[in-house]
1. With a cap of 16 neighbouring Cβ atoms within 10 Å, and only residues DSSP puts in a loop, list the chymotrypsin sites (Phe, Trp or Tyr not before Pro) found in the range 62-141.
2. For the range 230-247, just list the computed ³J(HN,Hα) in residue order, Karplus coefficients 6.51, -1.76 and 1.60, θ = phi - 60°, integers in Hz, with x standing in for Gly and Pro.
3. Assign unit charges at the C-beta atoms only (+1 for Lys and Arg, -1 for Asp and Glu), then state the dipole size of the chain relative to its Cα centre in Debye, rounded to the nearest 20.
4. Please report the antiparallel percentage of DSSP beta bridges with both residues in the chain, rounded to the nearest 5.
5. Evaluate the charge dipole of the range 34-75 about its Cα centre and quote only its size in Debye, nearest 20, assuming +1 on the Cβ of each Lys and Arg and -1 on the Cβ of each Asp and Glu.
6. In a Debye calculation with equal point scatterers on the alpha-carbon sites of the chain and no solvent, what is log10 I(q)/I(0) at q = 0.16 Å⁻¹?
7. Could you give the alpha-carbon Rg of the range 159-214 over 2.2 N^0.38 Å, rounded to two decimals?
8. Testing the spin-label approximation: label points 7 Å from Cα along Cα→Cβ at N282 and F35. State their distance in nm.
Amino acid sequence: MSLFKLAVGSAAGLALMAGAAFAEPALMYDLGGKFDKSFNEAAFNGAKRWGEDTGNSYREIEVTAEAQRVQFATRLAEGGFNPIVVLGFQNAATIEEVAPKYPDTKFAIIDVNWLDFPNVRQISFAEHEGSYLVGMLAAMASETDTVGFIGGMDVPLIRHFACGYAQGAKAVNPDINVVANMTGTTPAAWNDPVKGGELTKAQISQGADVVYAAAGGTGVGVLQAAADADILSIGVDSNQNYLHPGEVLTSMLKRVDNAVYDVFEKGVEGFEAGVTVMGLGNDGVGYALDEHNASLISDDMKAAVDTARQQIIDGELNVVAYYENDSCPALDF
């Protein structure tokens with residue numbers, strides 16, 4: 001079986017038979033699986049939407065082991081796919097190795113902003129801004145004055161999520177207790193729903209009645225354990241409200257789908273190297289409100305969060321990024 005999978009698109013079959021008359025874009029997922037209901041799946045949704053909107057095809061490949069990163073990115077470049085979107089900060093080294101060898105291939109990488117190659121676009125997100133908003137909602141919904149955060153792999157990116165969340169919660173209630181745990185220190189932490197459930201139960205025992213999961217596929221276990229205990233949870237990246245209607249307070253949206261769509265849409269001709277930051281001001285992050293959680297968020301809660309959102313966009317409210325000093329003013333790690 002080919003390592004590549006042809007994705008949706010009404011012209012997919014024709015493109016194959018015609019030998020792909022145009023350069024197909026490609027998407028390389030990070031560990032955790034395409035259908036992790038979170039980060040990878042958000043990227044999939046963006047690629048799928050582009051395929052449906054344009055009738056064009058694209059290629060996708062799932063990394064299941066560390067050793068496959070460079071191998072798969074090289075295979076995509078050798079195959080003539082262009083541009084190639086690579087997911088996750090752990091693929092920075094992959095881009096450093098592969099991009100210089102294929103200067104005519106355009107690469108975009110999500111969650112990286114420190115590389116410097118003329119054929120690489122780096123897309124990062126202001127996760128702390130979106131996390132601030134859901135932190136506010138958590139504090140307003142909590143009846144115990146204790147809220148939780150469960151991250152995936154213990155890396156600065158996930159501490160960045162946690163830091164924004166804690167700042168938002170404490171803006172509503174300065175005395176609130178924020179309990180934070182990470183799932184692990186290896187990439188396996190992104191896909192361990194059992195451990196996520198165990199950590200959730202431990203936080204509930206400490207009084208948490210709202211738990212925010214920023215843990216990829218592990219978060220599915222967090223949301224399930226919260227629903228089983230009849231407390232509220234907060235999803236991440238994709239809109240996860242539907243997983244447990246009436247039990248998921250909201251989801252912190254990280255619009256990886258829009259990032260992938262934009263790269264595919266611009267293609268090779270419209271490709272722009274450099275760094276792009278997606279935050280509240282350009283709808284790169286936000287919070288989810290739909291029929292599955294509308295009953296959980298009052299008009300007053302929504303008004304407070306929307307006011308804070310605009311203040312952040314206008315520069316009137318500063319949410320401190322964990323990256324500024326590798327520390328968080330609202331949370332001890």
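1. W114
2. Per residue, the Karplus-derived 3J(HN,Hα) values read 6, 10, 8, 10, 10, x, 8, 6, 8, 6, 9, 4, 6, 5, 9, x, x, 10 Hz.
3. The dipole of the chain has a size of about 820 debye.
4. Of the beta bridges lying entirely in the chain, close to 10 percent run antiparallel.
5. The dipole of the range 34-75 has a size of about 80 debye.
6. -1.29
7. 1.20
8. Result: 3.3 nm between the two label points.
No value in this document is a laboratory result; all are computed from the given coordinates. Keep in mind that what you see is a predicted model, and the values were worked out from it rather than measured. Cβ atoms come from the backbone with ideal geometry, glycine included; neighbour counts cover every protein chain shown.
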